[in-house]
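The values are calculated or read from the model by the stated rules, or taken from the named source; none is laboratory data. All values derive from a computational prediction rather than experimental measurement. When we count neighbours, we look across all protein chains shown, and the Cβ atoms used for this are built from the backbone with ideal geometry, even at glycine. SASA here: full protein model, heavy atoms, side chains in, ligands and nucleic acids out. Shrake-Rupley method; radii C 1.70, N 1.55, O 1.52, S 1.80 Å.
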There are 4 protein chains.
Amino acid sequence: MTGPRALGVGLIGTGFMGKAHALAWRSAGAIFGDLPEVRLECLCDTPADKAAEFARQFGFARATDDWRVLVTDPAVDVVSITTPNSLHKEMALAALAAGKHVWCEKPMALTLADAADMARAARAGGTRTQVGYNYVANPAFTHAQRLIEGGTIGRIVHVRGWVDEDYQADPQLAWTWRARIADAGLGTLGDLGCHLVSLLCGLAGPVDSVLAEIQTVYPRRPLPDGEGYGEVENEDVASALLRFASGVRGVFMSSRSAWGRKNSLGFEVHGTKGMIVFEQERMNELRLYVNEGPRAEQGFRTILTGPEHPPFGAFVPAPGHQLGFNDLKAIELAGFLRAIAGGPRNHPDFEAALEFEKVIHAIARASHEGRRVTIAEIDT
Amino acid sequence: MTGPRALGVGLIGTGFMGKAHALAWRSAGAIFGDLPEVRLECLCDTPADKAAEFARQFGFARATDDWRVLVTDPAVDVVSITTPNSLHKEMALAALAAGKHVWCEKPMALTLADAADMARAARAGGTRTQVGYNYVANPAFTHAQRLIEGGTIGRIVHVRGWVDEDYQADPQLAWTWRARIADAGLGTLGDLGCHLVSLLCGLAGPVDSVLAEIQTVYPRRPLPDGEGYGEVENEDVASALLRFASGVRGVFMSSRSAWGRKNSLGFEVHGTKGMIVFEQERMNELRLYVNEGPRAEQGFRTILTGPEHPPFGAFVPAPGHQLGFNDLKAIELAGFLRAIAGGPRNHPDFEAALEFEKVIHAIARASHEGRRVTIAEIDT
Amino acid sequence: MTGPRALGVGLIGTGFMGKAHALAWRSAGAIFGDLPEVRLECLCDTPADKAAEFARQFGFARATDDWRVLVTDPAVDVVSITTPNSLHKEMALAALAAGKHVWCEKPMALTLADAADMARAARAGGTRTQVGYNYVANPAFTHAQRLIEGGTIGRIVHVRGWVDEDYQADPQLAWTWRARIADAGLGTLGDLGCHLVSLLCGLAGPVDSVLAEIQTVYPRRPLPDGEGYGEVENEDVASALLRFASGVRGVFMSSRSAWGRKNSLGFEVHGTKGMIVFEQERMNELRLYVNEGPRAEQGFRTILTGPEHPPFGAFVPAPGHQLGFNDLKAIELAGFLRAIAGGPRNHPDFEAALEFEKVIHAIARASHEGRRVTIAEIDT
Amino acid sequence: MTGPRALGVGLIGTGFMGKAHALAWRSAGAIFGDLPEVRLECLCDTPADKAAEFARQFGFARATDDWRVLVTDPAVDVVSITTPNSLHKEMALAALAAGKHVWCEKPMALTLADAADMARAARAGGTRTQVGYNYVANPAFTHAQRLIEGGTIGRIVHVRGWVDEDYQADPQLAWTWRARIADAGLGTLGDLGCHLVSLLCGLAGPVDSVLAEIQTVYPRRPLPDGEGYGEVENEDVASALLRFASGVRGVFMSSRSAWGRKNSLGFEVHGTKGMIVFEQERMNELRLYVNEGPRAEQGFRTILTGPEHPPFGAFVPAPGHQLGFNDLKAIELAGFLRAIAGGPRNHPDFEAALEFEKVIHAIARASHEGRRVTIAEIDT
């Protein structure tokens, strides 16, 4: 892990996703035997002592409180960006300009224009990028894709997807920056909905147009200081009817105010020979119905992921032993590292992720304008 | 059960729902001790010997192959109409004109205009009507309504519902009259979707307007005689975004081509304090999440219906012992009979059912015209 | 239903199972077109006005408060016995002596000796008997049997079963006659456990010997009058290790004090090629795993019962539409009536049921004597 | 991670559990901020080039093919033993003799005498030991323990547990060393059953005595070379009735030949106020029923683990985001490292694990001798 050719890693941010990146950087090489070596070179957070403390905990050699220092550090080859979304663009552009590979959390940016700038910069540069749509890395999901490609459920005709949490379900919850468009951009669409788009497009291909309805459940929330209320500018709930380029039709549902849903991200794929159902809250299960064999024995099968669903076996050689959320980040990182080492294109890079983010912006616009919006027309 | 004042019952039709009505007529009085007595007077089907055979099996005193004879029979006080939907209107109007109470299967008619005619005739007459939206009779459903009324999940903000079967999922299935608008009217909307409307309106009140997308998965099907193909004129799948008069927003999904779904009819009700989830394929269960008590102990509760959920106890005095589909018809009939005997208004009668059927026609129109359609504008 | 040759029915008891019998008597003929006709002749309960009231509700022609009158009534051909278990024997013997067919609820009697007397009397007589082990009538169960017979899961090697409720789980519950051996006989074994035996023997054949442990969770309960405590003489929980004559091994578990279990009666059948799992609280589902096809697609299938699982289709012609508890009694009755009419032997009659009841008494004895008990040695 | 006082780590074995240990060693410090630093010093496997290759992949500084060199290496402070079970004892005794802390996989040894020797040596030494009963580290499990301790389900009266897999379910599977007592010791009891004991004892305290039945489903298996058959000397299935010292009664079930079960390890805890149910195949869920609130709203709650269930939050700060199998090893390691650093006693160390392993040997003996066996009498 410390050879001369090892890739130097810089990590910006130490929150939820910062830790997830750190764990992935620490473990991916040991999980997958075929990855390029990495050196945990520098960690950035503010203030400096917090950065130093996390560098020690996460095993990074050095710490800084200046992300510009990190992204231009000659010893750093790859930059993980896990800061609040409003900061992604500036950091990513600077890192790309400095010739670094960039692993950025989703959504890429608050606005589609910003995300498009990032994708352009990535295309122009000679390095690899990766956006943290980690749920597409789940072996259960890639197995669903293989089943579809293999024709197991026939031709896809319809999809439905949902992504719900309850972190904004409590009416008493105080107002935060998440409620302000200037700081957070979209609401549930940007935070959760884009994950669902990454799954649905992975199943049914690119979206062509949408009809939509967004909803702010709690238009104002108590200010944290207890004095009055702040306005909630973005949506708590979003629903859409999707047309895919392939002709498939679909339904999209997302709420950040759905009591009881902790990480409910799932889909149904309706095919001419069968159906596939998935729910992230049971991320190691895939449900499959196929119109085969005697009717009296047909039913939805609950498939537990295992070594038959690569790369599950790199974690545990026994089926049913369960992967966790952080394992998805390790799989995501492995694809990114293989691409950096000259392997096949990783998924999704900035260019591919931009396509996902177009859809959530199209949904928001379709709702605001009360009409069908095509992806083509919002293409910047 | 054979006293002089017993209500004379006439049943038209002996198929799926004909048998369901017959069983309800035979059992409801024994299940519920408080119902008016009934006499199984006359059964109608064609040809005559089939009618006679079913009269014997179902315990009706007489048989006929002429429904006009039945609906005008002085010994008949109540008429069950379980024939193909295209025949409902003529039969119902004749029965109402003859002063009979009418229990008619859903949907009331193929067109909204016909359904409206039926509702008008019912309003004008002095008898009771009942439409077979049996799923609203489920104790699990009425308990969900009580939970909502009691504030258990706070204010309702969002609902989602689905109703899916797979009886039209097989591409090889031959063309039938179900595919022709003149014979069948709407597709999945008329057959399944209207049931979903009956549930969603029971949870969130009347619908105000819709955006929608319908889809014919198999535009043509092989003709039964093996020579060529017939056109499928109505929809296999329908999806809609609903606005309710109360301000609640919702999503509506229906497919008759959803492999693996046998009678999947369900909903999620999102409230400010909790959530309720139901699925008819597990019709004796209600799932409830409430934001109460320690977070570490919160979770969706699976409530098994029992005597605490009336009128379950009239069937079985022990919880978890399960009701079945036919039991729902007995509950439906009980409400109808109590209304006939002077009790409170039964639900849904022709007038209430018309409101449900407006919604499915609004969904179809919204899709065809590519715009938001209000219920008010389609009000005939 | 009132032809000259119709079977006259007498019903003793109007509680939980009395009503279930009444509903079955009223509906079975209409559900199944092939049954002999029946006449609801006489109902017995005490006091007389209660009997009269229930005769009216259930549609019986006459009422009595003297069961001896009923069982010797020349107009009665078949007697339903649904009284407390301690009364079964006397009533059944009298009915058999009078040449009646007898449908008796389970368990047959409080003691094995009494049950054996009943079986002997049945064998000696020329009439048919039926014991109310209704769960073996579930189409999901008989389908499990067909799967086993057809070799779908290979050779059976192991079974596990459980039957749990919570009606005696509350420590505050008052003492009742259920706690006294002289009145109730066995505890959970007699009330619930014998049902489990009926399923396990239907899957794996006769039991050969048992090791067991019974447990009284609450050795005393408050007396209803609030003065002091009454002793609980019989068991709340029973567990056993079973050896079947076939060499199959098994585990038996039963509790009447299992909080949250309302009617949890289920089993796992372990075969050399697959497994079948069933749970009565989801009585319309059968779970099946077969070692067939690609490993990556193997999983437990949840089969929803439907017309492919006879006689489901006699109730509803559409799959997934759900049967309920009372429907099981109608199926049970149909088998009994066909046997009365000269059809194949119904299951279980007194003789077959005696075999089930031997097992629960063997379990009790094995626990009391702290040793393996064979069924042969308790054979009276 | 490379400070002067960092603990030197030696790892023996690179299979399933070897990798799991390596990943835990790499990640635990980053997950938990409070652990002593570690240095991945030396990895042992045979042959030497395999050891070198895995040392590189797992990030160990050096490699050896001689475990005796590793356990006496002055730079090694802690030894992970993940070799076949028959080798544990010799390695552990040598490591303890060399003054090392030892983390050994379960079961400790093939025979109880060997395990007892290991526990004696651990007691005599001044170092810490840890046995890999990783399922007790699951936040869902420790939360179940907290619920019990807090009285949420009242007094525990009964427990049931199962642990099933299907890796020996296929009759065609070739004979391996796992089938020979001299190499593998017990069958399903040693491989799976001891995990179940670790859970049940964690819920209900020490076991007092057992009745049991073991079963070899496939007494012989084809030899790998295709010539004839090898005898299966140990059990495929084991079932037992348990008496705990506390008076609690229980049922124990285990099979390594249970088709469809991939890592099914679970329990039911029956209390006087409620019930807790757990299943490792859904390791992020805990099901809880409490007799509280209106009966009509009671039901099993499915609790998704999250930050409210420590130390879940050290992995992911959001509930429902799922831990995986390898995360359990990191939690296990954290407890071990804190104990090494002077913190509270870790669980289970050799002494505590010996108590678990006594139970599986008692079960085997009870079955062989056909009588109740007390734990006291097999105490070596």
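Taking the alpha-carbon distance from A:Lys358 and a cut-off under 24 Å, which lysines remain once sequence neighbours fewer than 8 residues away in the same chain are dropped?
A:Lys89, A:Lys106, A:Lys329
List the aspartates and glutamates whose Cα sits under 14 Å from the Cα of C:Lys50, skipping any in the same chain fewer than 8 residues away.
Leaving aside aspartates and glutamates fewer than 8 places away in the same chain, those within reach of C:Lys50 are C:Asp65, C:Asp66.
I need the P(r) histogram for the protein assembly as shown: all alpha carbon pairs, bin width 10 Å from 0 out to the longest distance, whole percents.
1, 8, 15, 19, 19, 17, 11, 6, 3, 1, 0
For chain D, taking Cα atoms only, what is the radius of gyration to one decimal and the Dmax to the nearest whole Å?
According to the Cα coordinates of chain D, Rg and Dmax are 21.0, 66 Å.
Note the buried accessible area between B and C here, summed over both chains, with a 1.4 Å probe, in Å² to the nearest 100.
3500 Å²
Using Cα-Cα distances under 8 Å and only pairs 6 or more residues apart, what relative contact order does chain D have, in percent?
19 percent
For D:Ala20, what charge total do you get from the other residues with a beta carbon under 13 Å from its beta carbon, if Lys and Arg give +1 and Asp and Glu give -1?
0
Considering protein heavy atoms only and a 1.4 Å probe radius, which residues within segment D:323-340 exhibit an accessible-area decrease of no less than 50 Å² in the full assembly relative to the chain by itself?
Residues shielded by partner chains are D:Asn326.
Across segment D:241-350, how large is the tail of the calculated P(r) beyond 23 Å, expressed as a percent of all Cα pairs?
Of all Cα-Cα distances in segment D:241-350, 50 percent exceed 23 Å.
What is the mean number of Cβ atoms from other protein chains located within 10 Å of the Cβ atom of each residue in peptide C:245-251, rounded to a whole number?
Counting Cβ atoms of other protein chains within 10 Å of each residue's Cβ and averaging gives 3.
By Kyte-Doolittle mean hydropathy of at least 0.0 and Cα axial length of at least 24 Å, which whole DSSP H helices of chain A are selected?
A:350-369
Give me the 1.4 Å probe accessible area per residue for segment D:228-363, excluding ligands and nucleic acids, in Å².
Accessible surface, normalised per residue, equals 25 Å².
Scattering from the C-alpha atoms of segment C:53-118 alone, worked out with Debye: what is log10 I(q)/I(0) at q = 0.12, 0.26 1/Å?
-0.31, -1.17
Give me the accessible area per residue for segment B:30-116, probe 1.4 Å, as a whole number in Å².
36 Å²
Can you bin every Cα-Cα distance in segment A:143-230 into 10 Å intervals starting at zero and give me the percent of pairs per bin, rounded to whole numbers?
Values per bin, smallest distances first: 13, 36, 24, 16, 9, 2.
Between beta-carbons, use under 14 Å as the cut-off and find the net charge around C:Ala121, counting Lys and Arg +1, Asp and Glu -1.
0
Whose amide H sits under 5 Å from the amide H of A:Val251, counting only residues 5 or more places off or on another chain, with H placed in the peptide plane?
A:Val159, A:Arg160, A:Gly161, A:Leu242
What spacing in nm lies between the two simple spin-label points modelled at A:Leu173 and C:Thr127, each 7 Å away from Cα in the Cβ direction?
6.9 nm
Under a cut-off of 17 Å between alpha-carbon atoms, report the aspartates and glutamates in cross-link reach of D:Lys273, not counting same-chain residues fewer than 8 places apart.
D:Lys273 reaches B:Glu297, C:Asp164, C:Glu165, C:Asp166, C:Asp170, C:Asp236, D:Glu149, D:Glu292, D:Glu297.
Quick one, can you get me the convex hull of the C-alpha atoms of segment A:14-145 expressed as volume per residue in Å³?
Dividing the Cα hull volume of segment A:14-145 by its residue count gives 124 Å³.
Got a number for carbon plus sulfur as a percent of segment D:184-225's accessible area, 1.4 Å probe?
55 percent
Give me a comma-separated list of calculated 3J(HN,Hα) values for segment A:64-72, in order, Karplus coefficients 6.51, -1.76, 1.60 applied at θ = phi - 60°, integers in Hz, x for any Gly or Pro.
Ordered by residue, 3J(HN,Hα) equals 8, 10, 10, 5, 5, 5, 4, 6, 10 Hz.
Kirkwood hydrodynamic radius for segment A:296-380: how many Å is it when counted over pairs of different Cα atoms?
16.6 Å
Sequence-distant or interchain residues sharing an amide H contact under 5 Å with D:Tyr229, placed H: which?
So D:Tyr229 has HN proximity to D:Leu223.
If you add up the charges near B:Ala169, with Lys and Arg at +1 and Asp and Glu at -1, over every other residue whose beta carbon is less than 10 angstrom from its beta carbon, what do you get?
Here the charged neighbours net out to -2.
For segment A:118-165, what is the accessible area per residue in Å², given a 1.4 Å probe and the full set of protein chains?
I get 29 Å² per residue for segment A:118-165.
Amide H of A:Lys273: which non-local residues (sequence gap of 5 or more, or other chain) have their own amide H closer than 5 Å, using H built in the peptide plane?
Result for A:Lys273 returns A:Gly154, A:Arg155.
For segment C:94-205, with equal point scatterers placed on the C-alpha atoms only and solvent neglected, what are the log10 I(q)/I(0) values from the Debye formula at q = 0.23 1/Å, to two decimals?
-1.25
With heavy atoms of protein chains only and a 1.4 Å probe, what residues of segment B:125-168 have at least 20 Å² less accessible area in the full set of chains than alone?
By number: B:His143, B:Arg155, B:Val157, B:His158, B:Arg160, B:Asp164.
What residues does segment B:279-302 have that are buried by at least 30 Å² of accessible area in the full protein assembly compared to the chain on its own, 1.4 angstrom probe?
B:Glu281, B:Arg282, B:Glu285, B:Tyr289, B:Asn291, B:Arg295, B:Ala296, B:Glu297, B:Phe300, B:Arg301, B:Thr302
Sort shortest first the distances from A:Asp49 to its counterpart in every other copy, using label points 7 Å along the Cα-to-beta-carbon line, and give them in nm.
Counterpart label points of A:Asp49 in the remaining copies fall at 5.3, 8.7, 9.9 nm.
Expressed as a whole percentage, what fraction of the accessible surface of segment D:1-59 belongs to carbon and sulfur atoms when a 1.4 Å probe is rolled over the protein heavy atoms?
57 percent
Does segment A:286-340 come out rounded, prolate or oblate, given a ≥ b ≥ c as the square roots of the eigenvalues of its C-alpha gyration tensor, rounded meaning a/c under 1.5 and, failing that, prolate meaning a/b above b/c?
prolate
Students often check this: by mean Cβ neighbours within 10 Å, which of B:340-353, A:157-170 ranks highest, and how do the rest follow?
A:157-170, B:340-353
Roughly how many percent of the accessible protein surface of segment B:267-380 is carbon and sulfur, given a 1.4 Å probe and a whole-percent answer?
50 percent
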